[in-house]
Amino acid sequence: MSDPIKVYPSKPQKVYYFGTCLVDMFYPDAGIAGVELLEREGIEVIFPRGQTCCGQPAYTSGYHDEARSVAQAQLDLFPEDWPIVVPSGSCGGMMRKHYPALFKDTPQATQVAEIAGRVWELTDFLLNVCHIKLEDPGEPVTVAMHTSCTARREMGVAEVGPALLGQLKNVNLVEQVRPEECCGFGGTFAVRHPEISAAMVSEKVDTLVDAGTREFVTTDCGCLMAKRKAAFDGWDLETLRDLGANIRMKALSNLPDLLEQLEQKLTGNGIKVHWAVDGDEACRIVRDICIAETGSLTLWPTPDEPRLMSLVPPVHIAVLNASEIYTTFHEAMLAREWAAGMPTNALLISGPSKTADIEQTLAYGVHGPKELIVLVIEQSTAP
């Protein structure tokens with residue numbers, strides 16, 4: 001439940017920013033946009049480099065000791081009394097509502113209670129602490145709003161998203177029926193009960209479409225992931241194959257620019273890039289695809305090595321065909337027909353992880369490689 005009385009702080013000069021796992025791995029642009037909005041309001045944003053997971057996946061799965069270990073690693077990241085802003089009602093709810101119960105009757109109980117009281121969901125903080133005023137230079141658009149379960153119940157921010165969208169004169173916000181119903185993601189719930197989750201996602205997507213729009217806005221990346229997956233359900237495979245073929249041709253026709261963009265992103269992530277001349281130069285071949293937009297590798301295991309790809313060594317060498325570089329993650333999903341079926345442990349690598357799940361130090365098979373070397377092979381078209 002939300003606080004009976006929510007007392008907002010005065011607008012601070014500095015805030016801590018807790019990025020969350022899904023933002024870090026799937027939606028980094030959303031995280032950066034949140035930082036930019038705070039900075040636009042004249043606030044200095046501090047991003048603690050040691051932050052990992054908030055511990056919610058373990059906590060909601062019943063592994064409270066493991067969740068406490070993960071949460072413990074976050075406690076010393078926020079020594080000053082600045083607000084802690086989280087771009088997720090889900091992670092924010094974990095830290096604000098569940099941390100005190102998790103550390104009850106422990107030596108850290110007082111520290112945890114103080115930290116929990118400083119946790120704010122991003123949009124709530126922007127509206128009610130920063131008193132942000134938005135301008136709308138964009139084209140007219142009709143959207144529906146979805147607020148996550150935890151943002152609604154635990155952080156009490158159900159009215160914040162519509163209020164912010166209401167400041168945008170070119171945005172027509174339509175009301176969906178049963179807006180309080182879950183999208184079906186639920187973190188590990190979607191893994192443990194995929195059929196139930198899929199049915200809930202499908203129903204939620206239908207309500208958004210029935211509201212008169214195919215555009216929706218949400219403040220939680222987990223909900224966004226669930227609905228994007230549902231958007232492909234019902235598409236016939238031939239249509240998906242045609243879309244994939246067109247995307248691949250587009251990527252090949254812009255290959256030099258994509259390779260340059262990829263190298264810049266990888267180098268910026270602290271990854272060494274070496275362009276292999278041919279296959280003989282590669283000492284180890286590891287598949288699969290690469291995303292130029294984020295500099296991420298996607299590794300896809302085969303039946304012969306179902307778990308190998310999840311155990312990335314400290315120094316990881318990947319050999320990649322240039323034809324398997326895509327502009328965005330979305331394009332890669334279409335081109336590789338992920339809607340038709342995915343392995344249970346496809347792996348994304350974007351360099352050393354900032355938000356690994358369990359361990360507090362770099363650990364084999366958990367935090368990703370300490371050093372990632374990508375060898376890109378460009379097939380010759382010469383006779």
Highest-first arrangement of 33-45, 104-116, 80-92, 209-221, where packing means the average Cβ count within 10 Å: 80-92, 209-221, 33-45, 104-116
Cα→Cβ-extended label distance, 7 Å offset, between Asp105 and Thr328, nm: 5.1 nm
Taking Lys6, Lys133 and counting other C-beta atoms within 10 Å, the order from fewest to most: Lys133, Lys6
Estimated FRET transfer efficiency when R0 is 25 angstrom, pair Arg178-Asn128 (beta carbons, to 0.05): 0.45
Three-way shape call for the range 10-87 based on the alpha-carbon gyration tensor, with the a/c threshold at 1.5: oblate
Estimated distance in nm for a label pair at His64 and Glu41, the labels positioned 7 Å out from Cα along Cα-to-Cβ: 3.5 nm
Neighbour-count order for Phe189, Phe103, fewest beta carbons within 10 angstrom listed first: Phe189, Phe103
The range 64-200: C-alpha gyration tensor shape, a/c 1.5 cut-off, then a/b vs b/c: oblate
Relative contact order for the range 106-194, counting Cα pairs under 8 Å that sit 6 or more residues apart, in percent: 31 percent
Whether the range 12-142 is rounded, prolate or oblate, judged on the alpha carbon gyration tensor where a/c under 1.5 counts as rounded: prolate
Label point distance in nm, Glu159-Ile196, each placed 7 Å from Cα along Cα→Cβ: 3.3 nm
Burial ordering of Ile46, Ile377, fewest other beta-carbon atoms within 10 Å first: Ile46, Ile377
Whole-Å distance, taken between Cα centres, linking the range 33-50 and the range 123-194: 21 Å
Normalised contact order of the range 1-139, rounded percent, pairs of Cα under 8 Å and 6 or more residues apart: 27 percent
Relative packing of 65-72, 257-264, 93-100, which averages over residues the other C-beta atoms within 10 Å, highest first: 93-100, 65-72, 257-264
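Values quoted throughout were computed directly from the atomic coordinates according to the rules given, and no laboratory measurement underlies them. Quick caveat, the model's predicted, so the values are computed rather than measured. So basically every Cβ, Gly included, is an ideal-geometry build from the backbone, and we count neighbours across all protein chains shown.
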